[in-house]
Structure formats: C-alpha cells, structure tokens
Amino acid sequence: MKIALLPGDGIGPEILRQAVRILDALRSDGLKIETEEAPVGGAAYDIAGDPLPAATLALAKSADAVLFGAVGGPQYDALPRDKRPEKAILGLRKECDFFANLRPATVFPELADASTLKPEVVSGLDIMFVRELTGDIYFGQPRGITGARGERVGFNTMHYTEAQITRILHVGFRTARQRGKRLCSVDKMNVLETTQLWRDIAEEIAPGYPDVELTHILVDNCAMQLVRNPRQFDVLVTGNMFGDILSDEASMLTGSIGMLPSASLDANGKGLYEPIHGSAPDIAGKGVANPLAQILSMGMMFRYTFGLPDVAARIEGAVRKALASGLRTADIAAGGTRPCTTAEMGSAVLKAL
Ligand code: IPM
Ligand code: MG
C-alpha cells in the first residue's frame, strides 16, 4: 500500500502527523505500508512557486492513495487564481479524476449534544453525501472577469455532460444499495437546465436499481430539510457546488466540522482522503486542532481503496473509544471543560487502537 502524504497548510501538518502515528502502529502490526511526503498548497507555493508542483502530482498519481491535510491561508488570497492553494486540491481532483466524493455525516453518540441543534433532532443521524467533484460551475468554461471598472462582468458556467452525471448517479445508487436503499437526488430543475438534465438522467437510470427508492429534492428545500429533520435522509447525491455547500451545513449537525472525513474516488477505487474542514489558519500551529476528521479519513482509505474494512472499523472504534474516555478538543468541548490538545487526542486514539 503506497500512500502519498500531502500535509499542506495551516493545521494540515499537525493533524496529518497524528494520522501518521496510527499508520506507523498499523505498520508495526504487520500491514505493508509505504509512505512518501510532498508539499502541496501554500507550502508548495512557498518552496516551488506552484501550489501543485509536477513532482507532487506525479507522486499522487503513482501512489495507491493520497492522504491529504488541508490547504489555504489568508497570505495567499491575493495571488493570481492559478497560484492559490485551492488550485492544488482542485487540480488533484481533476488530474486524477477523483470524481466521486463521499462525505458521511454521522453523529457519534458521545457528541450528540455538541451540535447546535437539539440532540433529539440529530442523535442517530447517518447521512452519506455523494458529491460530484470534477465538473459543474467549478470547472465550466467560459469563466472570468472582464470589462473596465464601473462596467465589469463576472461570469462562470454551470456545465455537466451526460457522462459525468451518469457516473456519479451510479455511485449514488450503488452507495444507497449498500446502506438504507434510499437515494435522494439534489437539483435546481425549476431554474437550471444543467440540473434538469441531472434529474432526467436520474429517472432514466433508476429502473436499473429496483431495490433503491429514488426521490428528488430542490437544493434550497434540501438546505432547509437538513436542519428541520435531517434523519429523513439516507444517501444524497449532488453536483459539485451544491454538495460543497450542503456538506458544510451537514457537518454542523454532527457537532463539529472537525469530525467529518471524506473520500474522493476515481473509477477504480483509488482515492484521495481528506477532512472536509479547511486549514483553519486562526488556530494553526497551536496544537489545538481536532485530528479526528483526518484520522477517520484514513479509516475510509482502508475501507474504500484497500478493501480492508476490518482495519477501517478498528480505526473508527479507536476514535469512539477516545471520545468515550471524555477527551475533547476545543471544537467539541462543552463549556467549562478543559480541552485537550491535538497530540493528546492522537495519543488516546493510538492507545485505544
Ligand atoms: C471542499 C472545499 C473545496 C471545495 C475548496 C477548498 C476548493 O471547500 O472540499 O469542500 O470547494 O471543494
Ligand atoms: Mg467545502
């Protein structure tokens, strides 16, 4: 198992370090794991003038899986767009064709009161987002800002091909089949043609999955239903932009964005694994970030890329045990309790493992 480690910026390196401690333990346990690290994002820009240097991309392509921290920071926001850290993650998704983004939103029983929503609304929540990652308004052409000051125009293009829609919907159906057998497809067909096509194709594919119940929801209604009654959902399949927004919203149902892992898979199960949170520059370097989303992302890697669900379950079990011991990083700590550090949480997971 060759794993590329891309720590990135902000809290990325600190949380990835905790995941690597667990990898090391699994290696001494007999798993054949090889790792190689490379700079990415702002860190790579600082060294090489490019957020996604050719050597980093080559490593990502040659590895079986990529474990990714986070990228971005305010010091890079004024750079030309193709030099910004975000270009690295968007470039990796596109270049490696990591089109299927799985973002589970589950509430750990230990954290049911960490959510800003009432525990009775979120307890037992278990949603899986299947978000498309390589198309949509993120990549559509033309795009840009033109015109003279006073008359400037900004424009982007929402664009989806039938092939792109079809393959992500199949991932949605297959994912639902392995879970609660309910697939809800998110669109904005009352306004946008792109998503009319999305809905049409979903209907065309559905007969191939007679065991899965397909429903449709408009994205605005979906945003509302997610806070009104989130447990009504099993699997949600979305385009790139809607999935970006809705998965951040869903993360808050679980108590902390610091808890949510993700997998971005290509057609062969190779994947990039990253927490859904960002680089959190405000707390970077302080040793207080929550490493659990990163550790759980590594768990997903063993499940989806390496076909080792028992190792994944072991990692997830260790995380739950660490939480059950009462340890909380600042983002999930109840008022009045002393938050633990990033390393303390990592140690607790390691011990439980
Ligand atoms: C995410 C992030 C990225 C996205 C950014 C960093 C480009 O918000 O993974 O959700 O918009 O996809
Ligand atoms: Mg996002």
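Take the residues of segment 228-247 that are in contact with a Leu (Cβ under 8 Å, 6 or more places away or on another chain) and away from ligand 2 (no atom under 16 Å from the Cβ): which is farthest from H159 (Cα to Cα)?
Here the residue is R231.
Need the failing condition index for L183 against (1) in a helix (DSSP H, G or I); (2) under 18 Å from L236 (Cβ atoms); (3) aliphatic (A, V, I, L, M), just the number.
(1)
Within segment 14-31, is there a residue that is open to solvent by less than 10 Å² (accessible area, probe 1.4 Å) and within 13 Å of ligand 1 (Cβ to nearest atom)?
Among the residues of segment 14-31, not one is open to solvent by less than 10 Å² (accessible area, probe 1.4 Å) and within 13 Å of ligand 1 (Cβ to nearest atom), which makes the answer no.
Could you run through segment 107-128 and say how many residues are open to solvent by 30 Å² or more (accessible area, probe 1.4 Å), under 16 Å from F233 (Cα atoms) and either of a type in the set (K, R) or assigned to a helix (DSSP H, G or I) (or both)?
Selection size over segment 107-128: 2.
Tell me, yes or no, whether segment 47-62 has at least one residue that is buried (at least 23 other Cβ atoms within 10 Å of the Cβ) and out of contact with any helix residue (DSSP H, G or I) (no Cβ under 9 Å at 6 or more places or on another chain).
Within segment 47-62 (the criterion being buried (at least 23 other Cβ atoms within 10 Å of the Cβ) and out of contact with any helix residue (DSSP H, G or I) (no Cβ under 9 Å at 6 or more places or on another chain)), the answer is no, since none of the residues qualifies.
What strands (runs of 3 or more DSSP E), lying completely within segment 212-303, carry at least 2 residues that are away from ligand 1 (no atom under 15 Å from the Cβ) and over 12 Å from the mean Cα position of the chain (by Cα)? Quick ask: steps written out before the conclusion?
On the way: elements: 213-218, 235-238, 263-265, 271-273.
Qualifying strands (runs of 3 or more DSSP E): 213-218, 235-238.
Please verify whether R103 is at pLDDT 95 or above, charged (D, E, K, R), in a strand (DSSP E or B) and open to solvent by 10 Å² or more (accessible area, probe 1.4 Å), treating the condition exactly as stated.
Judged against the criteria, R103 is a match.
Name every residue in segment 135-174 that is of a type in the set (V, I, T) and assigned to a strand (DSSP E or B), in order of residue number.
We begin by selecting, within segment 135-174, every residue of a type in the set (V, I, T); these are 137, 145-146, 153, 157, 161, 165-166, 168, 171.
Answer for segment 135-174, where residues must be of a type in the set (V, I, T) and assigned to a strand (DSSP E or B): I145, T146, V153.
Could you check, for segment 181-192, whether at least one of its residues is of a type outside the set (D, E), open to solvent by less than 20 Å² (accessible area, probe 1.4 Å) and within 16 Å of ligand 1 (Cβ to nearest atom)?
Here is the first cut: in segment 181-192, the ones of a type outside the set (D, E) are 181-186, 188-192.
Those still in the list that are open to solvent by less than 20 Å² (accessible area, probe 1.4 Å) too: 183-186.
Now narrow it down to the ones that are within 16 Å of ligand 1 (Cβ to nearest atom): 186.
The answer is yes; a qualifying residue exists.
How many of the residues making up segment 327-352 are in contact (Cβ under 8 Å) with a residue 40 or more places away in the chain and open to solvent by less than 30 Å² (accessible area, probe 1.4 Å)?
Here the count works out to 6.
Quick one: G307 ticks every box in (1) within 19 Å of D29 (Cα to Cα); (2) outside any loop (DSSP other than H, G, I, E, B) bar one, so which box is it?
It is condition (2) that G307 fails.
Across segment 319-353, what is the number of residues that are over 13 Å from E110 (Cα atoms) and of a type outside the set (S, T, N, Q)?
Of the residues in segment 319-353, 17 are over 13 Å from E110 (Cα atoms) and of a type outside the set (S, T, N, Q).
For segment 77-99, how many residues meet the condition of being out of contact with any Asp or Glu (no Cβ under 8 Å at 6 or more places or on another chain) and open to solvent by less than 80 Å² (accessible area, probe 1.4 Å)? I'd like the intermediate steps shown before the answer.
Filtering segment 77-99 for residues out of contact with any Asp or Glu (no Cβ under 8 Å at 6 or more places or on another chain) gives 77-82, 86-88, 90-95.
Now narrow it down to the ones that are open to solvent by less than 80 Å² (accessible area, probe 1.4 Å): 79-80, 86, 88, 90-93.
Looking only at that region, the number is 8.
Out of the residues in segment 232-261 that are buried (at least 24 other Cβ atoms within 10 Å of the Cβ) and hydroxyl-bearing (S, T, Y), state the one that is modelled with the lowest pLDDT.
Selected residue: T254.
Do we find that F68 is part of a loop (DSSP other than H, G, I, E, B) and either charged (D, E, K, R) or within 16 Å of ligand 1 (Cβ to nearest atom) (or both) in this structure? If you could, list the steps in order and put the result at the bottom.
Working: part of a loop (DSSP other than H, G, I, E, B): no; either charged (D, E, K, R) or within 16 Å of ligand 1 (Cβ to nearest atom) (or both): yes.
No, not satisfied.
Looking at the structure I just gave you, is D46 away from ligand 1 (no atom under 13 Å from the Cβ) and within 25 Å of D282 (Cβ to Cβ)?
Working: away from ligand 1 (no atom under 13 Å from the Cβ): yes; within 25 Å of D282 (Cβ to Cβ): yes.
The answer is yes for D46.
The values are calculated or read from the model by the stated rules, or taken from the named source; none is laboratory data. Keep in mind that this is a model prediction, so the values were computed, not measured. Glycine also receives a Cβ, built like all others from the backbone with ideal geometry; neighbour counts cover every protein chain displayed. Calculation scope for accessible area: heavy atoms of the full protein, side chains included, ligands and nucleic acids excluded. Shrake-Rupley method; radii C 1.70, N 1.55, O 1.52, S 1.80 Å.
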